[in-house]
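Data block below; observations after.
Nothing in this text is a laboratory measurement; each read-out follows from the coordinates by a stated rule. Since the structure is predicted, the reported quantities are computational estimates derived from the model, not experimental observations. Using ideal geometry, Cβ is built from the backbone for each residue, glycine included, and neighbour counts are taken over all protein chains shown.
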């Protein structure tokens, strides 16, 4: 399996669909794992039958001021044969369904991919990652997400004051050495 490492954590399996019918996988929760300030998650789907597909991945953030970034890929060729996939739409929506982030999509000869060009600053709440495309049969994709805490303004101010104090101490020390040597 080409994308086995990417899709192992949160694989969404679906049966083959008729050519004209769109297959939708919904109600899947995107799970994040990680340390104190940075969390990552993986998602994907394998064995997508020939035809249009639409996947919906839901997640909830319990903290405000988080940077969200995501990307997804699928190995593909331009031969339009089994295993190929073309993404047609990938977006992030808030709990009201309002699209707050569109992804740049590149369907190439070797790889089809979609990614956020800039990380999004999100507040606490529920979000949905919508993925749509066309599968030429037996296709798969995998993706990664990252959520990172943004330091509060007070944290930045404390850091700047600390750097200023260190700079002032170094300057005072140099001044006292210059006077002592004179």
Computed E for residue 117/residue 166 - FRET, C-beta separation, R0 35 angstrom, nearest 0.05: 0.45
Ranked packing of 48-57, 81-90, 99-108, most packed first, by mean Cβ within 10 Å: 48-57, 81-90, 99-108
Computed FRET value (nearest 0.05) for residue 94 with residue 47, which takes r as the C-beta separation and R₀ as 25 Å: 0.20
Spatial separation of Cα centroids for the stretch 38-83 and the stretch 86-142, in angstrom: 7 Å
Ranking of 96, 116 by count of other Cβ atoms within 10 Å, fewest first: 96, 116
